[in-house]
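> I have a structure I would like to understand better, so I am pasting it below and will then ask my questions one at a time.
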Amino acid sequence: MQNRVIMLVDFDYFYAQCEELRNPAIKDKPIVVGVYSGRTEESGAVSTSNYIARKFGVKSGMPLFLAKRKLEGADAVFLPVDHQCYDQLSERIMLILRGYATSFEQVSVDEAYLDVTEQVEGSFEKARNYAQKIKDDARNQVGISFSVGVGSNKLVAKIACDSQKPDGLTIVKPEEALAFLKPLDVDRLLGVGKKTSTKMAELGIKTIGDLAKYDMQKLVAVFGKTLGIYFHNAANAIDNEPVQEQGEAESISRIGTLKQDTRDLEFILQKTDELTEDIFKEIKEKKLNFKTVSIYAVMTDLSSKTRSVTLEQPAKDKEAIKRNTKTLFEKYLLESTLEIRRVGVKVSGFIKEELQQKRLSSFFQSE
Ligand code: DCP
Ligand code: CA
Ligand code: CA
């Protein structure tokens, strides 16, 4: 099998960077974003801070009063978290990133894995330009910077990314992975917390290199089979976890209540057209093609029914949803005599558009 090329993207000082973006005037000051518990004006904790504030010793999770003390006289800006703003920016960047990968896995509001093996033809040289291109694109379109780690699996990509921030781009080629991990403390590995690292220290294991050469059977004896094998593999830069969309929608649906119970087709379609507009927005954003359209009806006696149709060709247009919804409801009204109270529309059987191909060609054309 050809080696994989996996990227981990992690947005720089994310909440604070969002605040800079909407108010560039504060950019050169220390910025602290915090959750205010409301008990007193100062009670609460730091969510994150920009790198200027970090120079003063401010850290995520620190009590706000302590951050204030560290930043005394530094003309710092303290702001409350605004998740709506961060979520919106995150979504915009994620949408851009998704277009650059064959498979995509968002792991948090500011982190995602991209499998770009095909896009860079398995080459870590090409991966550098490709990553730079993605960084430039996000900066131009959204104005947010992030750090990228590139490796032959998720584990290496993640640690590579962490090693150089902000605005980092760190490439660890497969043949460099062992040497790269070797000097790092074991707690850099996912799943090695304080308890585990203390236990490992008792065994004489401090670095990932120590762990890599430690007898696997002994690890299994101490940590159990699953963890023991995992630690052994991780330390040896072995990780076969695929980059996989988490909970990718298998269907998109909307349900609404009619203004009055009815069997009037036009009246029903007014509502389902509204729902369809909403569904269409989402499938357009996610660049999905669908093969199945379904309707859902809740009758006045609260019984419910669904009906589906599978299209001959995958479709991506609003009219296809509306047309099939209409046909399904026409048929359904002939089958039932009850009035309808609530209606729903669902599309499913998604196929991704050939977005990757487009991205790939535009990338190599401009090289
Ligand atoms: N976060 C939080 N509380 C924490 C840690 C993080 O609310 N204890 C939030 C704020 C961060 C966001 O999650 O902006 C992402 O966390 P990161 O650990 O990736 O940290 P940053 O993005 O802030 O900084 P970095 O540049 O180190 O990635
Ligand atoms: Ca981050
Ligand atoms: Ca992060």
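> Out of (1) at pLDDT 95 or above; (2) loosely packed, with under 14 Cβ neighbours inside 10 Å; (3) in a helix (DSSP H, G or I), what's the single condition that is false for Gln260?
With respect to (1) at pLDDT 95 or above; (2) loosely packed, with under 14 Cβ neighbours inside 10 Å; (3) in a helix (DSSP H, G or I), Gln260 is out only on (3).
> Additional query: Of all residues in the range 72-99, count the ones that are over 22 Å from the mean Cα position of the chain (by Cα) and either closer than 18 Å to Glu20 by Cα or hydroxyl-bearing (Ser, Thr, Tyr) (or both).
Within the range 72-99, residues that are over 22 Å from the mean Cα position of the chain (by Cα) and either closer than 18 Å to Glu20 by Cα or hydroxyl-bearing (Ser, Thr, Tyr) (or both) number 7.
> Please verify whether Arg128 is more than 16 Å from ligand 2 (Cβ to nearest atom) and within 18 Å of the chain's Cα centre (by Cα), treating the condition exactly as stated.
Answer is no for this residue.
> Answer yes or no: is there a residue in the range 2-15 that is more than 26 Å from the chain's Cα centre (by Cα), open to solvent by 70 Å² or more (accessible area, probe 1.4 Å) and away from ligand 3 (no atom under 16 Å from the Cβ).
No: the range 2-15 contains no residue that is more than 26 Å from the chain's Cα centre (by Cα), open to solvent by 70 Å² or more (accessible area, probe 1.4 Å) and away from ligand 3 (no atom under 16 Å from the Cβ).
> Now for a separate question. Which residue is least open to solvent (accessible area, probe 1.4 Å), if the candidates are limited to the range 24-63 and must be in contact with a Gly (Cβ under 6 Å, 6 or more places away or on another chain), touching a residue at least 24 places away in the same chain (Cβ under 8 Å) and away from ligand 3 (no atom under 16 Å from the Cβ)?
Result: Gly34.
> Next question. Taking into account only those residues within the range 100-132 that are open to solvent by 10 Å² or more (accessible area, probe 1.4 Å), touching a helix residue (DSSP H, G or I) at 6+ places or on another chain (Cβ under 6 Å) and outside any loop (DSSP other than H, G, I, E, B), which is modelled with the lowest pLDDT?
It comes out as Gln106.
> Here are Leu66, Leu79, Leu97, Leu21: which of them is within 16 Å of ligand 3 (Cβ to nearest atom) and not in a loop (DSSP other than H, G, I, E, B)?
Leu97 is the lone residue from the list that is within 16 Å of ligand 3 (Cβ to nearest atom) and not in a loop (DSSP other than H, G, I, E, B).
> Is it the case that the range 191-201 has a residue that's in contact (Cβ under 8 Å) with a residue 40 or more places away in the chain, under 28 Å from Gln17 (Cβ atoms) and surrounded by fewer than 19 Cβ atoms within 10 Å (Cβ to Cβ)?
Within the range 191-201 (the criterion being in contact (Cβ under 8 Å) with a residue 40 or more places away in the chain, under 28 Å from Gln17 (Cβ atoms) and surrounded by fewer than 19 Cβ atoms within 10 Å (Cβ to Cβ)), the answer is no, since none of the residues qualifies.
> Something else now. In the range 241-257, what residues are open to solvent by 80 Å² or more (accessible area, probe 1.4 Å) and in contact with a strand residue (DSSP E or B) (Cβ under 7 Å, 6 or more places away or on another chain)?
Once the filter is applied, which keeps residues that are open to solvent by 80 Å² or more (accessible area, probe 1.4 Å) and in contact with a strand residue (DSSP E or B) (Cβ under 7 Å, 6 or more places away or on another chain), the range 241-257 yields Gln244, Gln246, Glu250, Ile255.
> Oh, and also: Looking at the range 146-202, which of its residues are touching a Pro at 6+ places or on another chain (Cβ under 7 Å) and under 20 Å from Asn233 (Cα atoms)?
Hit for the range 146-202 is Ser152, nothing else.
> Does Gln84 meet the test of being away from ligand 3 (no atom under 15 Å from the Cβ) and assigned to a helix (DSSP H, G or I)?
Judged against the criteria, Gln84 is a match.
> List every residue pair whose Cβ atoms sit under 9 Å apart, with the two residues 6 or more apart in sequence or on different chains, where the first one lies in the range 318-335 and is in contact (Cβ under 8 Å) with a residue 40 or more places away in the chain and the second, anywhere, is basic (Lys, Arg).
Lys318/Lys284; Phe329/Arg307; Leu333/Arg263
> What about Arg92, is it closer than 30 Å to Gly122 by Cα, away from ligand 3 (no atom under 16 Å from the Cβ) and out of contact with any Leu (no Cβ under 9 Å at 6 or more places or on another chain)?
yes
The values are calculated or read from the model by the stated rules, or taken from the named source; none is laboratory data. Computed from a predicted structure; not experimentally measured. Using ideal geometry, Cβ is built from the backbone for each residue, glycine included, and neighbour counts are taken over all protein chains shown. Ligands, DNA and RNA are excluded from the accessible area calculation, which covers all protein heavy atoms including side chains. Shrake-Rupley method; radii C 1.70, N 1.55, O 1.52, S 1.80 Å.
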